[in-house]
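Note sheet for the following structure.
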Amino acid sequence: MRMALSVGFLAIILALVIAGPWLSPYAYDFIDFSADWGAPPSAAGHHWFGTDSLGRDIFVRTMQGGRISLLVGLAATLISLAIGVVWGAVAGYRGGRIDEVMMRSVDVLYALPFMFLVILLTVLFGRHVWLIFVAIGAVNWLDMARIVRGQALALKQRDFVAAARVAGRRSDEIVRLHIVPNLMGVVIVYAALIVPQAMLVESFLSFLGLGIQEPATSWGALVNDGAHEMESAPWSLVFPAGMLAITLLALNLLGDAMRDRFDPRLRG
């Protein structure tokens, strides 16, 4: 039930953020000088969510911001998986000193403040949206590395891995052809949980002014703008914050449902 409900909500949200900007006669950075700036939601003038303090349409900006926020979540998750799966699989399979060095490196990174690392990377390499993808993904892989490493330690004791060794397979081939494919179930489950986490980090960075920069926008940036206008124009906060909250809730419900279905050992 939870999975069906979350998938349904996510399908509606995806349809809105993809088709929404095309349904509006305004571009996300267009300033409507003919409308009242900070006007409440109204069908007149097609400003369905109202306008912000600069006269820009909140509906199209909310939908456009959703595209960016979801893209950040997906891209950062893919980067996290690419690093975490390779790191954990190699460490778990090779074992010994290699495993010790690789996992102690993970422990050192764990000891550093997560948000500080993300902020440091964005400050050093800029605030372009692609760099934000990399910055979030590059420090969000530690949990995945530990999970994959634990699974790889168990898999390397299995008979099919022993048979591959006897057949003369190299270590890199065993990891690529036997270890990693058998980890995909766990990886997919945890990927569904990483997406909302990455989105939340991007929203927090944008709320601090370190994320997506004008004229582009994201849900976090819109929440930041709306927070400054919540007393005079609460609709500028309600709509993007509501979309963000519903999306994060749906993604977390989907991740929990997938975990319960495909990895019952982690229930409760």
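Laid out as a table, the results:
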item: For the chain, convex hull volume per residue from C-alpha positions, Å³; result: 148
item: Relative contact order (percent, whole number), the range 128-268, Cα cutoff 8 Å, 6+ residue spacing; result: 23
item: Footprinting exposure proxy for MET115, MET199 (fewest neighbouring C-beta atoms within 10 Å first); result: MET115, MET199
item: Span from the the range 115-137 Cα centroid across to the the range 159-175 one, whole angstrom; result: 39
item: GNM flexibility winner over the chain from ILE212, ILE18, ILE132 (Cα, springs under 10 Å); result: ILE18
item: Cα-based helix-to-principal-axis angle, 2-23 vs the chain, degrees rounded to 10; result: 50
item: Computed FRET value (nearest 0.05) for ALA245 with VAL108, which takes r as the C-beta separation and R₀ as 41 Å; result: 0.75
item: Residue among VAL123, VAL166, VAL72 with the largest mean-square fluctuation in a Gaussian network model of the chain, springs linking Cα atoms under 10 Å; result: VAL166
item: Charge sum, other residues only, whose C-beta stays under 14 Å from PHE33's C-beta, Lys/Arg counted +1 and Asp/Glu -1; result: -4
item: Listed residues THR122, HIS47, GLY220: farthest to the positive end of the dipole of the chain (Cβ charges); result: THR122
item: Label-to-label distance, nm, for residues given as LEU153 and LEU208 (7 Å Cα→Cβ offset); result: 3.3
item: Sum of -39500 (n - 2.57) over DSSP H runs of 4+, divided by residues of the chain (222 nm, nearest 500); result: -23000 deg cm²/dmol
item: Fewest-first ranking of SER6, SER232, using other Cβ atoms within 10 Å as the exposure measure; result: SER232, SER6
item: Long-range amide H partners of GLY211 with built H, under 5 Å; result: SER206
item: Separation of alpha-carbon centers, the range 1-41 and the range 61-79, rounded to whole Å; result: 14
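Every number here is computed from the coordinates shown, using simple stated rules; none is lab data. Keep in mind the model is a prediction, meaning the values are calculated, not measured. A quick note on method: Cβ atoms are made from the backbone with ideal geometry, for glycine too, and the neighbour counts reach across all protein chains shown.
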